[in-house]
Structure formats: C-alpha cells, structure tokens
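Heads up, the thing below is written out as structure tokens.
Coordinate-derived values only; no laboratory data. Owing to the predicted nature of the structure, the values given are computational and were not obtained by experimental measurement. With ideal geometry, Cβ positions are generated from the backbone for all residues, glycine too; neighbour counts draw on all protein chains shown.
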Amino acid sequence: DTEVTQTPKHLVMGMTNKKSLKCEQHMGHRAMYWYKQKAKKPPELMFVYSYEKLSINESVPSRFSPECPNSSLLNLHLHALQPEDSALYLCASSQEGYSYTFGSGTRLTVV
Amino acid sequence: SQQGEEDPQALSIQEGENATMNCSYKTSINNLQWYRQNSGRGLVHLILIRSNEREKHSGRLRVTLDTSKKSSSLLITASRAADTASYFCATVIIQGAQKLVFGQGTRLTINP
C-alpha cells in the first residue's frame, strides 16, 4: 500500500459544529503532517507528528486540534471554525530524507 | 513563511513544446523536491534532487540544482495536455523535526 487515504473528501460544517478529518497510511512512515491550502496558494504546514508525538505546531489556532492515535492514523479535530478556515486540508507522510506522499485532501467549507 | 519563489507564476505553451519552471530558495537544504497538483487535489511527487547532485532525469522531466545560487529548475520536454497542472518546488527545513516548505508554484497550461 503506497497511499495516504483521507476522509471525508468533502465537508460542509457550521461555525458551531465539531467535526474530524481522518488520515491513514500503511507505508510505515513515522512522520505525518497536516497542511492547509487556500485557492491558488501553496500548501502551508500546520502540524508535524514524528513517531506519534507532536513535533511542530505552526502557531495554528486552538480551534484546530491534531491527534495521532497510532503510527498509521492522524486526525484533525475541528471546532468553532470560521468561514476563513474554508480550504483544502492535506495530509502527508514521509520517511526522513525522502519524498512525501500526500492524500487527495478534504475540501472543507465553513458556513 | 514560504521558503522559495517560483518563476514564472503562470506559463501557457503549445502541446509538444518544452516547459521550464524556476525555483529559488533561501536556506541551506538537504534536498529539493518537485510536486505536481491537478485541479486543487493532492500533490504528486515528481522528483527529488539531493544537495550534492546537480542534475537529475526522470522520463520527460529534467531537474537541475545550483546550490551556490540557491536555485533549481524543472524542465518538461515534449509537453502534453495532461501536463496541465500546478507545479511546486519544496525544500526540507530542519526545526526539531523535518518540515517540507513549498514555493509559490507555477500554473502550467498546455494548449492542444
């Protein structure tokens, strides 16, 4: 298995909702990442997990809460989001020194 | 903050022509990577070039790296309509853990 699987592909949520994005990989990669991408912009790093521990938080607002239950799974819990948080959320995994494998993303719309 | 700049921001060429995209970066790197993104979906890794390499080929792709100028270029030869996509260079920065930081990207359109 050489893929990163993200669910759901699309999500519409209200500003008072709580939802979660899920990411799964079975390549044995020990680093996993969440990126946020706005239209016509490059992906921006949000969080890095290395060996299931949060290593980097790029000053992301607390309404985004990451979780790494095990080496294959990565979640992003969403609560009280704002319309400006609407974006494509990408998950990726890697082995140190090698290329990254990206999922196809979750298109999030906050209404 | 983004690591690099890409040039041009947009490129439109005829099918069969070659496309060249350039990338500049700011800090020392271990490797530089190029990714393709179709229609705002997931990114696909194209090629990785290490800091001690100067040129690398993969099929119709040719990547060069000049660490003295902190720049890289991606050449796509004999372009096809299916090459229409956004192309990003990215570098790995070590800040405790590794993080992949993207340039601004080039939107490539291949006209049939």
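Which of the aspartates and glutamates could a cross-linker bridge to A:LYS9, judged by Cα under 17 Å and excluding same-chain residues fewer than eight apart?
Here the aspartates and glutamates satisfying the reach criterion relative to A:LYS9 are A:GLU24, A:ASP85.
For the protein assembly as shown, list the cysteines whose Cβ sits under 4.7 Å from no other cysteine Cβ?
Taking the Cβ cut-off of 4.7 Å, the unpaired cysteines of the protein assembly as shown are A:CYS68.
Can you pull the percent of Cα pairs in segment B:1-51 with separation above 15 Å?
62
Where a Cα-Cα gap under 17 Å defines reach, which lysines qualify for B:LYS56, not counting those fewer than 8 residues away within the same chain?
Those lysines meeting the cut-off are B:LYS70.
Counting only GluC sites (Glu not before Pro) that sit in a DSSP loop (anything but H, G, I, E, B) with at most 14 other Cβ atoms within 10 Å, what is the longest stretch of chain B containing none of them?
Longest gap between qualifying sites, sites excluded: B:54-112.
Rounded to whole Hz and in sequence order, give me ³J(HN,Hα) for segment A:86-91 from the Karplus expression 6.51 cos²θ - 1.76 cosθ + 1.60, θ = phi - 60°, writing x for Gly and Pro.
4, 5, 8, 9, 10, 10
Report, as an integer, the average count of C-beta atoms from other chains found within 10 Å of each Cβ along A:93-99.
5
Just how far, in whole angstrom, is segment A:1-79 from segment B:24-80 if you go by their alpha carbon centroids?
The distance from the Cα centre of segment B:24-80 to that of segment A:1-79 comes to 25 Å.
Within segment A:15-89, report the trypsin sites (Lys or Arg not before Pro) that DSSP leaves as loop and that have at most 16 other Cβ atoms within 10 Å.
The qualifying sites are A:ARG30, A:LYS38, A:LYS40, A:ARG63.
Identify the trypsin sites (Lys or Arg not before Pro) of segment B:53-112 meeting these criteria: DSSP loop state and at most 14 other C-beta atoms within 10 Å of the C-beta.
Answer by residue number: B:ARG54, B:ARG60, B:LYS69, B:ARG80.
Compute the Rg/Rh shape ratio of chain A: radius of gyration over Kirkwood radius, all on alpha-carbon atoms.
Using only Cα positions, Rg/Rh for chain A is 0.94.
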